[in-house]
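Below is one structure, written out as C-alpha cells; comments come after it.
Each reported figure results from applying straightforward, stated rules to the coordinates on display, with no laboratory input. Note that the structure is predicted; figures quoted are calculated from it, not measured. Backbone-built Cβ (ideal geometry, glycine too); neighbour counts: all protein chains shown.
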Amino acid sequence: MATETPPATAGPTAPQPVKGANGAKGATRKGDRIFLGLSRGSGITLLVIMAAIAVFLTWRAALAINADEASFLTSFEWDANATPPRFGIAVLAFGTVVSSIIAMVLAVPIAVGIALFISHYAPRKLATPLGYVIDLLAAVPSIVYGLWGALFLVPHLTGLYEWLDQYLGWTGLFTYEGGAARSLFTVGILLAIMILPIVTNVSREVFRQSPKMQEEAALALGATRWEVIRMSVLPFGRSGVISASMLGLGRALGETMAVATVLSPSFLIKASLLEPGGGTFAQNIAAGFKEAGSMGRDALIASGLVLFVITLLVNGAARLIIARRKEYSGANA
C-alpha cells in the first residue's frame with residue numbers, strides 16, 4: 001500500500017514580508033504608529049504655518065498695494081503715511097540682493113577653506129578648539145555684531161575704501177568720495193562675518209562624512225592630499241556646501257539689527273558700492289514699523305511679502321541644484 005509523501009521543499013520557508021512604517025497600512029507596532037503620527041503631524045503643522053503666514057502677508061500686502069499711488073516694484077519713494085501713500089521696493093530689493101551677494105562671495109570660499117582645514121589638515125589638538133571657537137561665533141547675537149561693526153569696523157574700513165578707489169575706482173563700482181564707511185559694501189562684509197560660522201559648521205560636518213575608503217585608496221595610489229580633497233571630498237560634499245550656503249544666505253537676506261546699526265539708509269540707488277546709502281527689507285521694516293500708521297504697516301508687510309517670496313525662490317533653486325547633483329549626495333556615495 002503506497003503512502004503519500006509530503007512534497008519536498010527546496011529550502012527553508014521564506015519569511016513573509018512584514019508591513020512596517022513604510023507599508024501601505026502604516027506601522028504595526030504601537031511605538032511606530034505613534035512616531036509616524038507625530039512625524040506626519042509635524043510636517044502638516046509646518047505646512048499650515050507657512051500657508052497661514054503667506055495668506056496673512058498677501059492679504060495685508062494687497063490692501064497696501066491697492067492704495068499705492070506709485071509703482072510698488074519700481075518706485076524709489078517711500079512715504080506710506082502720505083495722502084495718497086507712495087511707496088516702492090526698488091531700493092530695498094537692490095540693497096538686500098547686493099549686500100547678500102557680497103556676503104556670499106566673501107564668506108563661502110573662506111568658510112569652505114576653514115572647514116577643510118579643520119576636517120583634513122589641522123591636528124586634533126588644534127581642530128577641536130578651533131571648532132569650539134567657530135561654534136561660539138555662531139551663537140553671538142546680531143546686535144553685538146552690529147555694535148562691533150558700527151564702533152570698530154566702520155572707522156577702520158576707510159583705508160580699504162581708499163585702496164579700492166585707487167585701483168578699482170575706474171570700474172565705477174568702487175568709487176569713494178570720502179565720508180563714513182556706512183555703505184552696502186560694509187554691510188556685506190559684516191554679513192559675511194555673521195554667516196561664516198554657519199557655512200563653516202555645516203560644511204565641516206559634511207566633509208567629515210566623506211568616504212574614508214575612497215580617500216585611503218587615492219592616497220595608496222599616490223595622490224596628494226589636495227588631489228584627494230579635489231577628487232573625493234569636494235564632489236561628495238558639494239550638495240552639503242550648497243545647503244550650508246543657502247542657510248547662510250537666508251540669514252543674510254533677513255538680517256535686521258546689524259544692518260540697521262551699520263547702514264546709513266536712503267532711498268537712492270548709487271552705482272558705487274562704497275557710497276553711503278541704500279537699504280534692505282529687514283532694516284526698513286525694523287526702522288519704520290514703530291512710527292508707521294495703519295497704511296504704513298501694511299506697506300511694510302507688503303515689502304516683507306517680497307522678502308518671503310525671495311527666500312522661497314532661493315531655497316527652491318538650491319533644492320533643484322542639489323537634486324541635479326544627487327549622485328554626489330551621502331546617501332548614494
Return a whole-number percent for the relative contact order of the chain, with Cα pairs under 8 Å and 6 or more residues apart as the contact set.
-> 24
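Are there any helices in the chain, counted as whole DSSP H runs, that stretch 18 Å or more along their axis by Cα and score at least 1.6 on average by Kyte-Doolittle, and if so which?
On the way: long enough: 30-67 (56 Å, 1.16); 90-116 (39 Å, 2.42); 124-138 (21 Å, 0.77); 184-208 (35 Å, 1.56); 234-254 (30 Å, 0.82); 294-324 (45 Å, 1.39).
Membrane-span-like by this criterion, though nothing is claimed about a membrane: 90-116.
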Across 20 Å bins from 0, what is the distribution of all Cα-Cα pair distances for the chain, in whole percents?
-> 23, 46, 23, 6, 2, 0
Points 7 angstrom from Cα along the Cβ direction at Leu268 and Tyr132: gap in nanometres?
-> 5.0
For the residues Lys30, Lys270, what sequence is obtained by ranking on other C-beta atoms within 10 Å, fewest first?
-> Lys30, Lys270
Report, largest value first, the span of the C-alpha coordinates of segment 31-156 along each principal axis, in whole Å.
-> 65, 59, 23
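If we count every other residue with Cβ under 13 angstrom of Ala61's Cβ, Lys/Arg +1 and Asp/Glu -1, where does the sum land? The partial results should precede the final answer.
On the way: positive: Arg60, Arg297; negative: Asp68, Asp298.
Once all neighbours under 13 Å are counted, the net charge is 0.
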Going from the fewest other Cβ atoms within 10 Å to the most, one would list Asp32, Asp298 as Asp32, Asp298
Extension reserve of the Thr158-Leu36 stretch, reckoned as 0.36 nm per residue once the Cα distance is removed = 38.2 nm
What does a probe at Ile101 reach in segment 275-289, counting residues whose amide N is under 19 Å from the point 7 Å along Cα→Cβ?
-> 275-282
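Highest mean first, how do 116-128, 301-313, 276-288 rank when packing is the count of other Cβ atoms within 10 Å averaged over residues?
On the way: 116-128: 14.3, 301-313: 18.5, 276-288: 22.8.
In descending order of packing, they fall as 276-288, 301-313, 116-128.
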Just the Cα atoms of segment 234-332, one point each, no solvent: what log10 I(q)/I(0) does Debye give at q = 0.15 Å⁻¹?
-> -0.75
Net charge near Gly304, counting Lys/Arg +1 and Asp/Glu -1 over other residues with Cβ under 12 Å of its Cβ?
-> +1
Compare the peptides 45-55, 165-175, 103-113 by average per-residue count of other Cβ atoms within 10 angstrom and give them in order, highest first.
-> 103-113, 165-175, 45-55
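For the chain, with only Lys/Arg (+1) and Asp/Glu (-1) charged at the beta-carbon, what is the dipole magnitude about the Cα centre, in debye rounded to 20?
Details: 25 positive and 19 negative charges, 284 e Å.
Dipole about the Cα centre, nearest 20: 1360 debye.
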